[in-house]
Amino acid sequence: MSATSFLIGYLFRWLPHASATGLFAVGNPDDLSPVFVTANFSLTVRRVRKALRGRDGWLLVADTKGINVWCAAAGGVFTANRVIDAIKVSRLADRVRHREIILPALAASGVDREAISRETGFHSVFGPVHAQDIPAYMNADREKSDAMRRFRFDFKHKLDMFVPMNFPLYAVVAIVLAVVGREALPWFTAVFWGAAAFLYLTVDLIPAKTGWGQAFISAALFSSVWAGIDWIAAGDPLAHWGRLVASFGVFFVAGFDLAGTVSPRRSDAEKLMQRMGFTRFGSQFSERQLGGIALDRDRCIGCGACREVCPVGVYGELDDDRKTTFAAQSACFGCGACVKQCPENALRLV
Ligand code: SF4
Ligand code: SF4
């Protein structure tokens, strides 16, 4: 991959960026080597390859139209059929003697494992959420710790998302300003990136249900400080009132989908699109109206599949009747993975 292609893929990572599909050898695999499945989003493929460095295995890249694992699964693009196609087209059954594939955990909201098994004879398991945990997962004989099941919305993740998630929005406004108001461009650039950094750093601290709510509170704080400085320096808190108003707009642009990209909450952008009547926008938004999770205890057989796939630790241990329990029910952000994987239809989103 050229440096330009890498840079474009990185800066516009919220847009599809397809890599080649098919079966690829990593190291010197043989017919007993493990098979890792992933989506053909170029950044993901690169990360999985990096995690597998120094190991022998097979990488089966399914065609998800260049969309990352989580978005493709939630949007109905990373499905059992995609995996079945990849297995059949690559003739995986002729390359390995075992019949097991390791799926990315975040594919759980889209992939029906039973269908894969029925159609291909390959049994599938969900690996860790983060590709970087693959070595530890393999070293532990494919036993997952709780940490491997969770999505980590930590500082590193936020740093990773900071430039690519904000750059396209910045670029659109910057291009418009370059044409119609060049003198405002330096101010916009400074406030936009300052606002984005502030929002990312305080996303877990500012009390609001939506990213836009957090953007509003942050903009109010920012404007108050600025008005206070003007008051002291110029005796007039509204000396730069136009820029105070514009700051709210900038914070809203920077906080466009804060909740959906750097915290375990539902995407504000997806909710907005659904309210506007879109069930799809390309392949980026799901058709489902998602809500909180509810359990029908009578149906539960205590298989543990829900706990296995929930990326935010909603489920606890089985109770004395061998039924699943909730450890943090309110943390559910409606990804649908547990509903999809429950073999008894004991779960539903309400
Ligand atoms: S996946 Fe369904 S049946 Fe299995 S433990 Fe969870 S709720 Fe119960
Ligand atoms: S409990 Fe909620 S967040 Fe967890 S897997 Fe189910 S739908 Fe997703």
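We did not get these values from a lab; they are worked out from the coordinates using the rules stated. Given the structure is predicted, the values throughout are model-derived calculations rather than measurements. Cβ atoms come from the backbone with ideal geometry, glycine included; neighbour counts cover every protein chain shown.
In square nanometres, what is the average projected area of the Cα convex hull of segment 1-43? Present the calculation step by step, with values, prior to reporting the outcome.
Details: hull surface 15.1 nm².
Averaged projected hull area, Cα only: 3.8 nm².
Calculate the spin-label point distance for Leu272 paired with Phe155, positioning each point 7 Å from the Cα along the beta-carbon direction, and give it in nanometres.
Result for the modelled spin labels: 3.0 nm.
Averaged over all directions, how much area does the convex hull of the C-alpha atoms of the chain cover when projected, in nm²?
20.8 nm²
Using the alpha-carbon atoms, what tilt in degrees (0 to 90, nearest 10) does helix 80-89 show relative to the longest principal axis of the chain?
60 degrees
I'd like the orientation of helix 241-254 relative to the chain: the angle between its Cα long axis and the longest Cα principal axis, in ° from 0 to 90, rounded to 10.
Roughly 0 degrees, rounded to the nearest 10.
Any idea how far the Cα center of segment 65-91 sits from the one of segment 1-61, in Å?
Result: 14 Å between the Cα centres.
Taking H as built 1.01 Å from N, whose amide H comes closer than 5 Å to the amide H of Phe326, not counting residues under 5 places away?
It is Gly316, by chain and number.
Report, for the chain, the % of DSSP beta bridges that are antiparallel, rounded to 5.
50 percent
According to the square roots a ≥ b ≥ c of the eigenvalues of the Cα gyration tensor, what is the shape class of segment 1-124, taking rounded for a/c under 1.5, prolate for a/b larger than b/c otherwise, and oblate for the remainder?
Numbers: a/c = 2.20, a/b = 1.28, b/c = 1.72.
The shape class here is oblate.
I want to check the label-to-label distance for Val89 and Leu15. Put each point 7 Å from Cα in the C-beta direction and report it in nm to one decimal.
So the label points at Val89 and Leu15 sit 2.3 nm apart.
Taking the chain as the reference, fit the longest principal axis to its C-alpha atoms, fit the long axis of helix 42-51 to the helix C-alpha atoms, and give the angle between the two in degrees, 0 to 90, nearest 10.
60 degrees
Restricting attention to the alpha-carbon atoms of segment 155-263, what are Rg (one decimal) and Dmax (integer), both in Å?
Answer for segment 155-263, Rg first and Dmax second: 14.3, 43 Å.
Could you tell me the distance between the Cα centroids of segment 103-146 and segment 308-331, to the nearest Å?
Answer, in whole Å: 19.
Could you work out the helix-only [θ] at 222 nm for the chain, with each DSSP H run of four or more residues adding -39,500 (n - 2.57) and the total divided by the number of residues, to the nearest 500 deg cm²/dmol?
-13500 deg cm²/dmol
Can you give me the distance in nm between label points at Ala220 and Arg243, each placed 7 Å from the Cα along the Cα-to-Cβ direction?
2.3 nm
Longer than 32 Å from Cα to Cα, which of Lys65/Lys271; Lys50/Lys158; Lys271/Lys340; Lys88/Lys340; Lys88/Lys271 are they? Say none if no pair is.
Long pairs (Cα-Cα over 32 Å): Lys88/Lys271.
Pairing rule first: another cysteine's C-beta must sit under 4.7 Å. Under that rule, which cysteines of the chain stay single?
Result for the chain is Cys71, Cys300, Cys303, Cys310, Cys332, Cys335, Cys342, no neighbouring Cys Cβ within the cutoff.
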